[in-house]
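Down below is the structure, laid out as structure tokens.
The values are calculated or read from the model by the stated rules, or taken from the named source; none is laboratory data. Because the structure is predicted, anything quoted here is derived from the model rather than measured. Cβ placement follows ideal geometry from the backbone for every residue including glycine, while neighbour counts extend to all protein chains displayed.
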Amino acid sequence: MISWLVALNPTTSSKAPAQVKQIEVPAQFRDFTVQRMVRAASANSYDVPGELSTVMTKVLKAPERFEWVPVLCDTNSGPQTIRSLQSALQSRGLYNGAIDGIMGPQTRKALVGFQRGAGIPHLGYLTTDTMSALGLR
């Protein structure tokens, strides 16, 4: 406990003499949380083995492009034109089917083979460039 001495002055209208009183004030306590270092900082190193795996990615070989190319449509490539195409491909050893004037899977496969060998783009489409390279029309 703490003791205080207090001087009391009476008001001027009061006839009582001034006096001193001792007042005891009880002590007050509070809890505080304190952080203390338990041990000094340290550094540890660990070897972590790497994890390897195969990752498949797609790589752009050539950018997309659009181009107008003259092709033979159904109107321009009738059975006679397809027969001429089949004969030209057969003479080059690329087509073994019947010369029937139908653009079937064997004819298209032979056409793609010729276009690849000749470096003509647009595989599988009967273009005027392909017809010229075959000596047709």
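Residues that are more than 18 Å from residue 71 (Cβ to Cβ), over 39 Å from the mean Cα position of the chain (by Cα) and outside any loop (DSSP other than H, G, I, E, B) within the range 89-137 comprise 90, 91, 106, listed in sequence order. In this entry, residue 75 is excluded by the filter for residues that are of a type in the set (Val, Ile, Thr) and within 11 Å of residue 126 (Cβ to Cβ). Is the range 67-90 home to any residue that is surrounded by 16 or more Cβ atoms within 10 Å (Cβ to Cβ), at pLDDT below 90 and out of contact with any Lys or Arg (no Cβ under 6 Å at 6 or more places or on another chain)? Within the range 67-90 (the criterion being surrounded by 16 or more Cβ atoms within 10 Å (Cβ to Cβ), at pLDDT below 90 and out of contact with any Lys or Arg (no Cβ under 6 Å at 6 or more places or on another chain)), the answer is yes, since at least one residue qualifies.
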